[in-house]
Amino acid sequence: MEKQLFLGDEAIAQAAIDAGISGVYAYPGTPSTEITEYIQGSAVAKERGIHSRWSVNEKTAMEAALGMSYAGKRSLCCMKHVGLNVAADCFMNAGMSGINGGMIIITADDPSMHSSQNEQDNRVYGNFAMIPMLEPSSQQEAYDMVYEGFELSEKLGYPILMRITTRMAHSRAGVVTRPMKDENPKNCPADGRQRFILLPALARKRFKVLLEAQKQFVDSSETSKYNQYFDGPNKDLGIITTGIAFNYLSENYPDGFEHPVLKISQYPLPRKQMEKLVNECKEILVLEEGYPVVEEQLKGYMGTGIKVHGRLDGTLQRDGELTPDAVGKALGKDITSYYAIPEVVEQRPPALCQGCGHRDMYEALNEVLAEYNEPKVFGDIGCYTLGALPPFRAIDTCIDMGASITMAKGAADAGVFPAVSVIGDSTFTHSGMTGLLDCVNEETNITIVISDNETTAMTGGQDSAGTGRLEAICAGIGVDPAHIRVMIPLKKNYEEMKTIIREEIEYKGVSVLIPRRECIQTLTRKKKASKK
Ligand SMILES: Cc1ncc(C[n+]2csc(CCOP(=O)(O)OP(=O)(O)O)c2C)c(N)n1
């Protein structure tokens, strides 16, 4: 039993190694990235040959994790919350097939949108797929849940969705680790064809099996050590906490709870414990980070009669992260906030780094587009999204990964000219390639800029799947090689860049421009490392 100081993400990674995983499959995304990076850096994982290379996107990651599970081995699959939208097809259907080797899917949700386009709460997905879910209240619990979760997944026969949020992922606590287990042997399922071929006749049977399994899932929640009932003297109010909210509540009651508390960290909801709380208390306060998932279930569509407070009645703010202060205020405590940012700290808008190639790409692009009446630039997600801000103000949209190419296509179909897409190299291989094929098939009049810094810079510089192969990929998809134009985005090349951009906008068809210069951050890191 060794105690170590771990980020929540690191606790999850170490627990997965200790639980005997044979592979982690993931695409980077804040706040989940450190899980995979930890496994990539682990000497033991290397020695064991645990798979840890980045996947091209979350869907390929989840399918590979399911394939490893099919072969009897334990697999971990990690992503940020919006990644589950990308992987949702596999996710929903893995709930139908079930698993063989234990499989845990980590969704790292980002309430308050520190680095995301939305704050979706992926417990909704867990309910949607009707599979068991875990939501740790501390880093130790995150470790224990993963360490034991593979066994739970194997016992129940289904993948487990584990939801964490930003503060859990990115804050540290002491964690006691446990002995490392052996990996599972390769062992494909004897009944594999009945479970993993989701043809309608078999899928109908599997859905009935999933429906029947719900009772077992609830039983498991009701006996779970992670769901706990704490008695309290004042029964005017009963409190339900989920995940990290238990931590925040505890901070407000260092000497013990005043009211009965039901701590929920395993779903589906533990019905009997919920009933006990509702029967014992006059009113209920629900503390949960994200959507009012439990609050809505407790209320029911028309209300259950008991008064329920939470995010829906304004006791807590409807959006954003939960904080210990917000919890204290909801309980009527006089809170002098010590979490507020002091006035001396000035807000700084984010900006592209000095020396970043995206800057030079935008400057040249802006100058050419100024020659047109109504140009539209469809942006994407990555460092280059900062081109939306001054001084560039260069993009008109940013919706989801890959959407730049397909939105520009739709707009071009609607008559927009020039319709320009700006996408990063990693985002292009994540989900831009398929959209490019749509453009090629329909000979869309579109200009696509793949701004290639040869890394996944936004999330800290992970390998980018298409490095060294972008031209070949585009040509393979069918772009005419004469209209795949590579350039080096530097001030001294502006005139040449502008000429190329102009020519390709005027070309009536699909053109791909690839401004290529290594990310200044990865370059600096490499130079520093070579001096050591
Ligand atoms: C579905 C989804 N997965 C992951 C992320 C996190 N993320 C945002 S941009 C990005 C990739 C950025 O790489 P690239 O396109 O090469 O641009 P760069 O940041 O290097 O300029 C990632 C992984 C996300 N926003 N959405």
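Annotations for the structure displayed:
- Applying 0.36 nm per residue to the separation of Arg318 and Arg178 and subtracting their alpha-carbon distance, the gain on full extension is 46.5 nm.
- Per residue, the stretch 275-318 exposes an accessible area of 53 Å² to a 1.4 Å probe, with every protein chain left in place.
- Taking the protein heavy atoms of the stretch 377-532 in the context of the full set of protein chains, the accessible area attributed to carbon and sulfur is 56 percent at 1.4 Å.
- Here the simple spin-label model places points 7 Å from the Cα toward Cβ, and for Lys272 and Lys3 these points are separated by 3.4 nm.
- Whole-number D in µm² s⁻¹ for the stretch 261-367, Kirkwood Cα-pair radius fed into Stokes-Einstein, 20 °C, 1.002 mPa s: 121 µm²/s
- Surface share of carbon and sulfur [accessible, 1.4 angstrom probe, percent] for the stretch 272-345: 52 percent
- Averaging 1/r across all pairs of distinct Cα atoms in the stretch 101-168 and inverting the result yields a Kirkwood radius of 12.5 Å.
- Between helix 200-222 and the chain: long-axis angle, C-alpha atoms, 0 to 90°, nearest 10: 50 degrees
- Residue pairs, from the table Lys3/Lys80; Lys80/Lys263; Lys59/Lys186; Lys208/Lys263, whose Cα atoms sit over 29 Å apart: Lys208/Lys263
- In straight-distance terms, cross-link reach from Lys492 covers every one of the lysines whose alpha-carbon lies under 25 Å from its own, apart from those fewer than eight places away in the same chain; here that gives Lys526, Lys527.
- Whichever aspartates and glutamates have a C-alpha closer than 18 Å to that of Lys409, once near sequence neighbours (fewer than 8 apart) are set aside: Glu374, Asp380, Asp396, Asp400, Asp438, Glu442, Glu443, Asp480, Glu504, Glu506
- Between the amide H of Ala19 and those of Lys181, distances stay under 5 Å, these residues lying 5 or more places away or on another chain, with hydrogens modeled in the peptide plane.
- Degrees separating the helix 520-531 axis from the principal Cα axis of the chain, which is the longest one: 80 degrees
- Ordered by 1.4 Å accessible area with all protein chains kept, His114, His51 run largest first as His114, His51.
- Cα radius of gyration and Dmax for the stretch 471-532 (Å): 15.5, 51
- Restricting the stretch 298-357 to GluC sites (Glu not before Pro) in coil, as DSSP defines it, with at most 14 other Cβ within 10 Å: Glu343, Glu346
- The stretch 1-87, accessible surface, carbon-and-sulfur percent (1.4 angstrom probe): 51 percent
- Computed over the stretch 142-211, the quotient of the alpha carbon radius of gyration and 2.2 N^0.38 Å is 1.54.
- Considering all different alpha carbon pairs of the stretch 1-78, the Kirkwood hydrodynamic radius works out to 12.5 Å.
- Per residue accessible area in Å² of the stretch 412-532, where ligands, DNA and RNA are left out and the probe is 1.4 Å: 47 Å²
- Taking amide H atoms as placed 1.01 Å from N in the peptide plane, the amide H of Tyr25 lies under 5 Å from those of Leu76, Cys77, Cys78, each 5 or more residues away in sequence or on another chain.
- Under the Karplus curve 6.51 cos²θ - 1.76 cosθ + 1.60, θ = phi - 60°, whole-Hz ³J(HN,Hα) for the stretch 385-402, x wherever Gly or Pro sits: 5, 5, x, 6, 8, x, x, 7, 6, 9, 10, 9, 9, 7, 10, 7, 4, x
- Given charges at Cβ of Lys, Arg, Asp, Glu: the stretch 351-497 dipole, positive-most of Asn441, Cys383, Gly476: Cys383
- Computed extension gain for Glu212 through Asn441, at 0.36 nm per residue and net of the alpha carbon distance, reaches 77.9 nm.
- Sum of -39500 (n - 2.57) over DSSP H runs of 4+, divided by residues of the chain (222 nm, nearest 500): -11500 deg cm²/dmol
- Helix 271-280 axis, angle to the chain major axis (alpha carbon atoms, nearest 10°): 60 degrees
The values are calculated or read from the model by the stated rules, or taken from the named source; none is laboratory data. Not measured: the values here are computed from a predicted model. In this analysis, Cβ positions are derived from the backbone assuming ideal geometry, glycine residues included, and neighbour counts consider all displayed protein chains. Calculation scope for accessible area: heavy atoms of the full protein, side chains included, ligands and nucleic acids excluded. Shrake-Rupley method; radii C 1.70, N 1.55, O 1.52, S 1.80 Å.
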